Amino acid sequence: MSRLERLFITLVCLMGVFAMLHFLLWWFQPQHVSQPVLYALLSFTFVFIMARIAGYWWVFVHIQPYQAVEPPPGLTVDAMTTAAPGEPIEMTQTSLLALKAMTYPHETYLLDDSNNRLLKDFCEANGIHYLTRPDRVDAKCGNVNYGLRNSAGDFVLIIDPDHVVQPDYLDHVLGHFNNPKVGFVQTAQAYYNQPRSFVAKGGAEQTYMFYGPTMRGLNGLNANPVIGTNCTFRRAALDSIGLYKPGLAEDLHTSMALHSLGWESAYVPKILARGLTPEDLPSFCHQQLKWSRGVLELLVNAFPKYQAGMGLRQRLAYLLSMSYYFESIVLLINLVLPLICIWMGVLPADMSARDFLFHLAPWLAVSGFFFVYVQRWLCAPEERGSMWRGMVLYFITVPFHLLGILYAIVGRTIPYLPTAKVSSNSVPVSLLAPQLLILALSAMGGCYVYFAQQDAMLNGMGFFSLWNAAVLLTGIVCCVPMHPHYFSRHKLFVRVCNQAAIEAFRVYRAIHHKPALVKLILVAAYLRKFTLN
């Protein structure tokens with residue numbers, strides 16, 4: 001980023017902050033409160049989302065121009081990948097051959113938790129070090145640490161077994177270690193299988209902004225995290241923190257520990273390796289559940305310990321990154337709030353739609369501008385666009401983000417399982433039960449406002465209900481493999497959903513104008529009757 005670009009983006013950032021304050025000062029006026037509880041919930045969504053987006057603007061201001069650094073000769077490097085039970089052998093072999101073919105002199109290691117004789121023979125035939133440990137403690141983290149204890153290179157590259165590196169990978173990375181304070185160098189992550197399914201493309205789109213402008217800005221703040229693959233470490237840095245840190249988010253844990261001891265980080269915004277992203281919905285949802293559970297656990301348990309050794313900018317950057325999964329709470333409120341308003345016949349705020357849009361429009365304009373402008377720092381030109389698939393997929397996976405947060409709160413553990421490397425053509429209907437329920441209720445609520453009740457006061461809530469229903473329907477249709485016999489295997493479930501929708505609409509019309517307490521009693525009675533039948 002040139003000086004002129006930095007000055008321009010800083011001015012736009014300040015305009016966005018003023019636009020945010022302009023809206024919030026207008027919003028938080030006593031005369032705007034209609035229903036206090038609903039008003040508080042809606043206010044929380046505005047404040048949280050605006051604060052997070054302002055945080056990203058702040059990150060973008062710190063984007064630094066990338067400068068390539070030639071690697072010095074003579075460095076000792078160990079390139080490692082792992083293998084776990086059930087992973088395709090051919091995939092691991094392809095990754096190993098790519099690691100072996102890197103042009104900078106190095107040693108290649110396979111850390112095999114599957115103890116597979118075929119992989120051992122393959123490594124012996126190709127001059128690759130083969131290691132398998134006697135136990136399976138701490139999953140991938142324990143496997144990596146076993147490899148670190150049984151190797152000696154001053155620098156260590158960690159690559160997931162589904163990633164294929166370019167021959168010149170190390171040539172782009174090792175020069176950054178000329179700075180003796182640099183503890184690790186992360187490169188961008190990209191996927192070669194994203195054209196294979198809607199889920200793969202949507203999952204990839206969710207990462208474009210992160211590996212592009214966000215990671216470049218975090219690098220400018222010396223706060224870019226380890227991503228778990230495509231990362232090269234200085235062995236002395238890992239030794240200083242007792243090697244790789246365990247957990248469901250072991251990569252983020254490791255980077256926090258390194259930054260807390262004063263190690264610096266570097267980011268290479270180039271696609272030097274491509275791997276696999278989940279292609280089916282169950283695999284993607286499990287991945288999101290694991291990450292949300294792991295990140296929140298770090299936020300509560302590890303971050304308070306490590307933040308003391310970080311600078312203020314690093315602390316803010318980590319808090320911004322780790323608050324990502326809390327957006328699911330905001331989205332849940334935005335999904336449920338219109339239904340509550342339609343059901344109760346009330347609005348959270350008392351204001352005209354024209355005034356609301358007038359005060360919100362400047363902030364929306366700046367946000368839209370930033371989204372388009374910073375795409376110049378994406379890792380590849382083909383990544384530019386609306387990224388709508390990522391947004392739709394986020395709607396579908398919200399229940400799993402929330403479940404991960406709940407698991408972290410109650411202390412429930414989930415096993416560390418590698419992300420599936422083989423696509424499944426089966427999506428259990430139970431996986432989509434919450435989304436189908438919200439879809440049905442949102443569609444009924446919106447249709448009721450516009451076609452049955454025709455209450456102008458609730459037109460806005462009817463619109464949002466129909467919008468939510470449309471996004472959820474798009475996600476379900478695009479994410480579920482539409483085989484002819486898919487839904488025929490779940491006829492009972494479909495019949496129950498259909499009957500439930502009919503009953504809900506009948507109950508809704510019968511009790512809409514009754515007091516709230518009476519509504520609750522009647523709904524409980526109807527639910528009891530329906531479940532008994």
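Condition test on Leu131, is it at negative phi, crowded, with 22+ Cβ neighbours inside 10 Å and not small (Gly, Ala, Ser)?
no
Here are some residues: Gly220, Gly175, Gly153. Which one is closer than 29 Å to Gln93 by Cβ, surrounded by fewer than 24 Cβ atoms within 10 Å (Cβ to Cβ) and of a type outside the set (S, T, N, Q)?
Every option except Gly153 fails the conditions.
List the pairs whose first member sits in region 95-108 and is of a type in the set (Val, Ile, Thr), whose second member is open to solvent by less than 40 Å² (accessible area, probe 1.4 Å) and outside any helix (DSSP H, G or I), and whose Cβ atoms are under 6 Å apart, counting only residues at least 6 apart or on separate chains?
Matching pairs, first to second residue: Thr108/Ala79; Thr108/Ile128.
Just name the residue that is farthest from Asn143 (Cα to Cα) out of those in region 101-114 that are assigned to a loop (DSSP other than H, G, I, E, B) and open to solvent by 30 Å² or more (accessible area, probe 1.4 Å).
Among them, the one singled out is Thr103.
Show the residue pairs that are 6+ apart or on different chains and have beta-carbon atoms under 8 Å apart, the first residue being within region 15-37 and in a loop (DSSP other than H, G, I, E, B), the second being of a type in the set (D, E, K, R).
Hits for this filter: Ser34/Asp350.
Restricting to region 309-338, give me the number of residues that are crowded, with 19+ Cβ neighbours inside 10 Å, polar (S, T, N, Q) and under 12 Å from Thr45 (Cα atoms).
Within region 309-338, residues that are crowded, with 19+ Cβ neighbours inside 10 Å, polar (S, T, N, Q) and under 12 Å from Thr45 (Cα atoms) number 1.
Can you find a residue that is in contact with a strand residue (DSSP E or B) (Cβ under 9 Å, 6 or more places away or on another chain), open to solvent by less than 20 Å² (accessible area, probe 1.4 Å) and not aliphatic (A, V, I, L, M) anywhere in region 339-348? Outline the logic, then answer.
Just the residues of region 339-348 that are in contact with a strand residue (DSSP E or B) (Cβ under 9 Å, 6 or more places away or on another chain), to begin with: 348.
From what is left, the residues that are open to solvent by less than 20 Å² (accessible area, probe 1.4 Å) are 348.
Remaining after also requiring not aliphatic (A, V, I, L, M): 348.
For region 339-348, residues in contact with a strand residue (DSSP E or B) (Cβ under 9 Å, 6 or more places away or on another chain), open to solvent by less than 20 Å² (accessible area, probe 1.4 Å) and not aliphatic (A, V, I, L, M): present.
Looking at Gln166, is it open to solvent by 10 Å² or more (accessible area, probe 1.4 Å) and at pLDDT 95 or above?
Numbers: open to solvent by 10 Å² or more (accessible area, probe 1.4 Å): yes; at pLDDT 95 or above: yes.
Yes; evaluated as a whole, the condition is true for this residue.
Of the residues Glu90, Glu70, which is under 30 Å from Ala223 (Cα atoms) and among the charged types (D, E, K, R)?
One residue alone meets the criteria, Glu70.
Is region 127-149 home to any residue that is assigned to a strand (DSSP E or B) and of a type in the set (Asp, Glu)?
Among the residues of region 127-149, not one is assigned to a strand (DSSP E or B) and of a type in the set (Asp, Glu), which makes the answer no.
Within region 249-282, which residues are surrounded by fewer than 21 Cβ atoms within 10 Å (Cβ to Cβ) and more than 20 Å from Val182 (Cβ to Cβ)?
Of everything in region 249-282, those that are surrounded by fewer than 21 Cβ atoms within 10 Å (Cβ to Cβ) and more than 20 Å from Val182 (Cβ to Cβ) turn out to be Ile271, Arg274, Pro282.
Going residue by residue through region 45-63, is there one that turns out to be among the hydroxyl-bearing types (Ser, Thr, Tyr) and over 27 Å from Phe210 (Cβ atoms)?
no
When you look at Leu298, is it buried (at least 20 other Cβ atoms within 10 Å of the Cβ), out of contact with any Ser or Thr (no Cβ under 9 Å at 6 or more places or on another chain) and closer than 17 Å to Ile405 by Cα, yes or no?
In short, yes.
Any idea how many residues of region 70-100 are open to solvent by less than 60 Å² (accessible area, probe 1.4 Å), assigned to a loop (DSSP other than H, G, I, E, B) and touching a strand residue (DSSP E or B) at 6+ places or on another chain (Cβ under 9 Å)?
Summing the residues that are open to solvent by less than 60 Å² (accessible area, probe 1.4 Å), assigned to a loop (DSSP other than H, G, I, E, B) and touching a strand residue (DSSP E or B) at 6+ places or on another chain (Cβ under 9 Å) in region 70-100 gives 2.
The values are calculated or read from the model by the stated rules, or taken from the named source; none is laboratory data. Keep in mind the model is a prediction, meaning the values are calculated, not measured. Methodologically, a virtual Cβ is constructed for each residue, glycine included, from the backbone with ideal geometry; neighbour enumeration extends over all protein chains shown. For accessibility, only protein heavy atoms count, side chains too; no ligands or nucleic acids. Shrake-Rupley method; radii C 1.70, N 1.55, O 1.52, S 1.80 Å.
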